[in-house]
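Presented below is the structure to which this report refers.
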Amino acid sequence: EKMYRWLMALFDWNGTLIDDVRIVYKSVEEIFKTYGLKPPSVETYRNEIVANFMQFYSKYGIPEYATKEDLNKIRKRVLMEYWDSAKLHDNAVATIKELKRQGLKIGIVSGEVPEILEKRLKTFGIKYLFDVVKGGAWGHKEKALSETLKEFNLNPEQAFYVDDTFDGIGAAKNTGLATFGWTKGYHSLKLIKNAKPDFIISSMNELRNIILKNPR
């Protein structure tokens with residue numbers, strides 16, 4: 001069995017540390033309702049949503065004239081409305097604290113709008129746990145992950161990335177990081193498996209146990 005010598009733990013935010021899939025799906029329902037259409041099921045959404053989300057919307061009938069900006073405006077409104085009901089995933093904080101105790105550097109690399117991400121971390125009172133927070137990495141996670149490693153003078157094999165999407169896992173693999181596919185987020189287990197991460201986890205305890213098995 002391969003041994004890893006990790007010095008840094010990197011996490012995605014939406015769907016991975018924060019359990020916000022249901023809230024985001026409410027915004028999907030609202031988008032379809034706005035255009036007089038029946039939304040696809042949450043299962044279909046988790047099986048098919050990709051970084052280029054416009055593909056998904058046009059496939060299910062959102063008209064050509066609807067722009068990314070139009071859809072994002074609706075999304076933002078719904079998210080603001082339900083935001084307070086989003087919680088962190090079980091044991092996320094306890095796991096991060098444990099990894100810090102083990103001497104790992106901890107970071108977030110996320111596609112989330114930087115101001116929103118900062119605000120959320122402050123609301124949950126967990127900003128102090130992170131050595132680095134990079135938001136706005138939508139569609140260029142490879143770049144954000146590489147920059148983060150450079151800032152800490154680390155090689156890719158000295159860090160791992162936890163993400164809940166096919167695209168995010170792919171970006172981390174392209175960067176040379178070990179990858180953990182998180183199954184409680186945006187993408188279905190099927191899509192996570194298709195991304196072929198090094199590990200597939202459905203609880204933060206599983207993550208912690210794998211890390212503790214590997215020497216510092």
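Number of Lys-Lys pairs in region 5-109 with C-alpha atoms under 29 Å apart and a separation of 8 or more places or on different chains: 27. Note on residue 131 and residue 43: the model spin-label points, each 7 Å out from Cα along the C-beta direction, lie 4.3 nm apart. Express the carbon and sulfur contribution to the solvent-accessible surface of the chain as a percent, rounded to the nearest whole number, probe 1.4 angstrom. C and S fraction of accessible area: 51 percent. Looking at the P(r) of region 136-202, how many percent of alpha-carbon pairs lie beyond 15 Å? In whole percent, the long-distance tail amounts to 45. Between the listed residues 16, 4, 54, the Cα displaced farthest toward the positive end of the dipole of region 1-147, a dipole computed from Cβ unit charges relative to the Cα centre, is found at 4. Size descriptors for the chain (Cα atoms only): Rg and Dmax, in that order, 17.3, 55 Å. Projecting the Cα atoms of 110, 178, 139 onto the charge dipole of the chain, computed from C-beta unit charges around the Cα centre, puts 178 farthest toward the positive end. Its Cα gyration tensor gives region 166-216 an equivalent ellipsoid, and the semi-axes of that ellipsoid, as √(5λ) in whole Å with the largest first, are 19, 15, 7. Note on region 28-120: the C-alpha convex hull projects to 7.7 nm² when averaged across all orientations. Per-residue accessible area (protein heavy atoms, 1.4 Å probe) orders 200, 96 as 200, 96, starting from the largest. For region 2-74, dividing the convex hull volume of the Cα atoms by the residue count gives 130 Å³ per residue. Region 8-26 and region 77-118 have Cα centres separated by 7 Å. Among 139, 125, 170, the largest mean-square fluctuation in a Gaussian network model of the chain (Cα springs under 10 Å) belongs to 125. Taking all protein chains together, 147, 112 sort by accessible area into 147, 112, largest first [probe 1.4 Å]. Contact order, relative form, for region 1-155: 30 percent (alpha carbon pairs under 8 Å, 6 or more residues apart, mean separation divided by residue count). Relative to the compact-globule estimate of 2.2 N^0.38 Å, the Cα radius of gyration of region 83-145 comes out at 1.16. Taking 163, 131, 84 in turn, the Gaussian network model of the chain (Cα-Cα springs below 10 Å) assigns the largest fluctuation to 84. Relative contact order, whole percent, for region 133-216 stands at 22, derived from Cα pairs under 8 Å and 6 or more residues apart. Taking all protein chains together, 45, 82 sort by accessible area into 82, 45, largest first [probe 1.4 Å].
Leaving out ligands and nucleic acids, and using a 1.4 Å probe, what accessible area per residue does region 165-216 come to in Å²? Spelled out: the 1.4 Å probe surface of region 165-216, per residue, equals 43 Å². When the charge dipole of region 152-204 is built from unit charges on Cβ atoms (+1 for Lys and Arg, -1 for Asp and Glu) and taken about the Cα centre, the candidate among 189, 201, 158 whose Cα reaches farthest toward its positive end is 189.
The values are calculated or read from the model by the stated rules, or taken from the named source; none is laboratory data. None of these values were measured; they are calculated from a predicted model. Here Cβ is always computed from backbone atoms with ideal geometry, including for glycine, and neighbour counts include all displayed protein chains. With ligands, DNA and RNA removed, areas are computed over all heavy atoms of the protein, side chains included. Shrake-Rupley method; radii C 1.70, N 1.55, O 1.52, S 1.80 Å.
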